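Everything below concerns the one structure shown next.
The values are calculated or read from the model by the stated rules, or taken from the named source; none is laboratory data. Not measured: the values here are computed from a predicted model. No Cβ is skipped: glycine too gets one built from the backbone with ideal geometry, and neighbour counts run over all protein chains shown. Remember, those area values only see protein heavy atoms, side chains included, never the ligands or the DNA or RNA. Shrake-Rupley method; radii C 1.70, N 1.55, O 1.52, S 1.80 Å.
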Amino acid sequence: MTLKYQKIGDILLVKKKLTNNEINYLINKTKCKTIVKYTYIKGDMRKPNIELLYGDKTETIHKEHGCLFKIDVSKVMWSMGNIEERKRMAYTSNPNETVVDMFAGIGYFTIPMAKYSKPKKIYAIEINPDSHYYLVENIKLNKLNNVVPILSDNRDVELKNMADRVIMGYILKTRFFLDKAFEFLKEGKKCTIHYHDTLAEKIMDTEPINEIKHHAEKHGYNLLSYKIHKIKKYAPGVWHIVVNAELIKDK
Ligand code: SAM
């Protein structure tokens with residue numbers, strides 16, 4: 001019997017309704033406590049919509065790459081497809097940096113980066129109170145002292161000219177937040193923006209970098225280099241990509 005599922009902690013996420021036989025098979029195979037049917041993620045806060053198929057608790061602790069993530073799958077999203085990107089991002093910073101994570105969620109990028117790159121400080125901004133709650137829990141669970149969780153719309157956060165690195169882990173509307181990202185960036189030294197978006201294959205090598213170039217010019221930054229990285233296939237002919245752009249603004 002081949003059944004597709006994602007395992008988060010002791011919870012299984014499936015995309016379709018299951019028969020009782022299939023439920024019993026998965027319980028015996030994975031020793032899970034809960035099985036939920038994930039239908040879709042909606043709205044700016046990316047809230048999931050689930051249906052309980054087995055069990056009753058939707059909160060669990062998931063371990064990935066040595067990091068602990070407490071999560072309630074009925075309230076916040078988890079993207080298995082971003083696992084390699086979370087690992088890659090964990091090592092991109094260093095102890096001399098200040099980082100802003102504009103769309104922190106429960107700490108998907110912030111927690112591994114804080115643990116492994118050990119930057120001076122990561123300001124982790126999150127608008128959804130549910131995600132922010134788990135972000136605060138996960139900072140404690142991973143015993144981190146270099147993360148400042150901020151419950152806010154990132155556009156309302158006043159942190160000017162202080163970030164060596166800005167993480168824009170969002171999709172569909174990321175370009176509308178570029179002005180704010182440049183406001184966070186330091187002047188007078190090389191900085192990095194990690195700009196995520198989902199785009200059709202034929203424009204993914206041009207559109208995002210043109211957006212960044214346009215905003216760099218507007219804010220007086222020079223684009224020094226950039227690398228486009230495919231994260232996962234998002235839909236037929238559509239990729240979730242990240243542009244890692246290095247920029248500088250002479251003082
Ligand atoms: N960066 C994580 C990742 O890639 O796995 C989480 C991505 S999730 C799709 C985007 C997160 O950004 C959600 O938790 C959502 O609530 C949050 N968000 C959306 N708009 C925001 C805003 N204006 N300010 C701060 N957080 C926001």
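Taken as a whole, the structure places Met80 among residues that are more than 10 Å from the ligand (Cβ to nearest atom), open to solvent by 10 Å² or more (accessible area, probe 1.4 Å), within 13 Å of the chain's Cα centre (by Cα) and not small (Gly, Ala, Ser). Ile125: in contact with a strand residue (DSSP E or B) (Cβ under 7 Å, 6 or more places away or on another chain), open to solvent by less than 50 Å² (accessible area, probe 1.4 Å) and within 9 Å of the ligand (Cβ to nearest atom), yes or no? Judged against the criteria, Ile125 is a match. Just to be sure, is Val157 within 11 Å of Val100 (Cβ to Cβ), surrounded by fewer than 16 Cβ atoms within 10 Å (Cβ to Cβ) and not basic (Lys, Arg)? Criteria not met by Val157. Residue pairs whose Cβ atoms lie under 6 Å apart, separated by 6 or more positions or on different chains, with the first residue in segment 122-136 and touching a residue at least 40 places away in the same chain (Cβ under 8 Å) and the second near the ligand (Cβ under 6 Å from one of its atoms), are Ile127/Asp153; Asn128/Met45; Ser131/Gly105. Among the residues of segment 47-69, those that are open to solvent by less than 40 Å² (accessible area, probe 1.4 Å), touching a strand residue (DSSP E or B) at 6+ places or on another chain (Cβ under 7 Å) and modelled with pLDDT of 95 or more comprise Leu53, Gly55, Thr58, Thr60, His62, Phe69.
Yes or no, residue by residue, for (1) surrounded by 20 or more Cβ atoms within 10 Å (Cβ to Cβ); (2) polar (S, T, N, Q):
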site: Asn142; (1), (2): no, yes
site: Asp153; (1), (2): no, no
site: Leu172; (1), (2): no, no
site: Asp179; (1), (2): no, no
site: His196; (1), (2): yes, no
site: Ile209; (1), (2): no, no
site: Glu217; (1), (2): no, no
site: Leu224; (1), (2): no, no
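When you look at Gly66, is it away from the ligand (no atom under 13 Å from the Cβ), within 26 Å of Thr192 (Cα to Cα), not hydroxyl-bearing (Ser, Thr, Tyr) and not assigned by TED's automatic domain parsing to the domain that holds His240, yes or no? Here the answer is yes, as Gly66 does meet what is asked.
Where strands (runs of 3 or more DSSP E) sit wholly within segment 1-62, those with at least 3 residues that are under 20 Å from Ile83 (Cα atoms) occupy 6-8, 11-14, 34-42.
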